[in-house]
1. Give the residue, chosen from 143, 163, 111, that is surrounded by fewer than 20 Cβ atoms within 10 Å (Cβ to Cβ) and part of a strand (DSSP E or B).
2. For segment 78-87, indicate whether the set of residues that are touching a His at 6+ places or on another chain (Cβ under 7 Å) and closer than 28 Å to residue 38 by Cβ is non-empty.
3. Would you please name the residue that is nearest to residue 97 (Cα to Cα), looking only at residues in segment 57-70 that are part of a strand (DSSP E or B) and more than 15 Å from the chain's Cα centre (by Cα)?
4. Would you mention how many residues in segment 52-75 are of a type outside the set (Phe, Trp, Tyr), touching a Ser or Thr at 6+ places or on another chain (Cβ under 9 Å) and either farther than 20 Å from residue 108 by Cβ or at pLDDT 90 or above (or both)?
5. For segment 32-42, give me each residue that is surrounded by 17 or more Cβ atoms within 10 Å (Cβ to Cβ) and part of a loop (DSSP other than H, G, I, E, B).
6. Starting from segment 43-56, take each residue that is in a strand (DSSP E or B) and list its partners that are modelled with pLDDT of 90 or more and not hydroxyl-bearing (Ser, Thr, Tyr), counting only C-beta distances under 9 angstrom and pairs at least six apart or across chains.
7. Has segment 142-149 got any residue that is in contact with a His (Cβ under 9 Å, 6 or more places away or on another chain), under 18 Å from residue 25 (Cα atoms) and touching a residue at least 60 places away in the same chain (Cβ under 8 Å)?
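The values are calculated or read from the model by the stated rules, or taken from the named source; none is laboratory data. Since this is a predicted model, take the numbers as computed values, not measurements. Methodologically, a virtual Cβ is constructed for each residue, glycine included, from the backbone with ideal geometry; neighbour enumeration extends over all protein chains shown.
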Amino acid sequence: MGEPPTLFEPHSWPSPAPPAGASVDGVRHVAGWLDDADQHLEELNRLIRWEQPTVTVYGRQHPTPRLSAWFGDRTYSYSGFTHRPAPFPAAVAEIGERLRAELGVEFNSCLAQLYRNGSDSMGAHADDEWELGPRPVIASVSLGASRRFVMVNTDTKHRHEWLLGGGDLLVMSGDAQRDYRHSLPKTTRTVGPRLNLTFRRIIR
């Protein structure tokens, strides 16, 4: 396997520079990266056929506290559940092509997740499945309501947080999946839906 592409060259990122909080090695945040986020939210929420998978955690089965859909040409498995691929919607493909041009990564899959309200969440985990390779690049685009995204170092327990809002881009690369676990906690605040697109490359 060759060296991973060099990411985050200054010319690849719009102004202003990533704000405070993007201090994790291999992680960059660009606020408002996608200009027409509201339009994409409405279109995709209407077109996507959402599922609520049942996953196995510590030997017990639970419905995920969010809805999801998987796009690409390959299956993807985690926590005892296998996503069957569906073709990329045009809007998702357009976003993926823009990310490819800016990051130099040939993304071939995308996990879409819909957090319907503050009770929907994502538990702490790492995207370290073998299909993603040892140092995966995960590009996450947020649409809709702002939610708190947390990364915690597995050794030092140092905690980093971002408030990801409509159109924000967060890219995790390098050793981020080895060294950190990330989550989207529940909130008691009244919040609208958040649709998250996480682009990735399946290597098998």
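1. 163
2. no
3. Across segment 57-70, the extreme among qualifying residues is 63.
4. Qualifying residue count, segment 52-75: 13.
5. 33, 34
6. Close Cβ pairs (under 9 Å, with a partner that is modelled with pLDDT of 90 or more and not hydroxyl-bearing (Ser, Thr, Tyr)) amount to 51/67; 51/69; 51/70.
7. No, segment 142-149 contains no residue that is in contact with a His (Cβ under 9 Å, 6 or more places away or on another chain), under 18 Å from residue 25 (Cα atoms) and touching a residue at least 60 places away in the same chain (Cβ under 8 Å).
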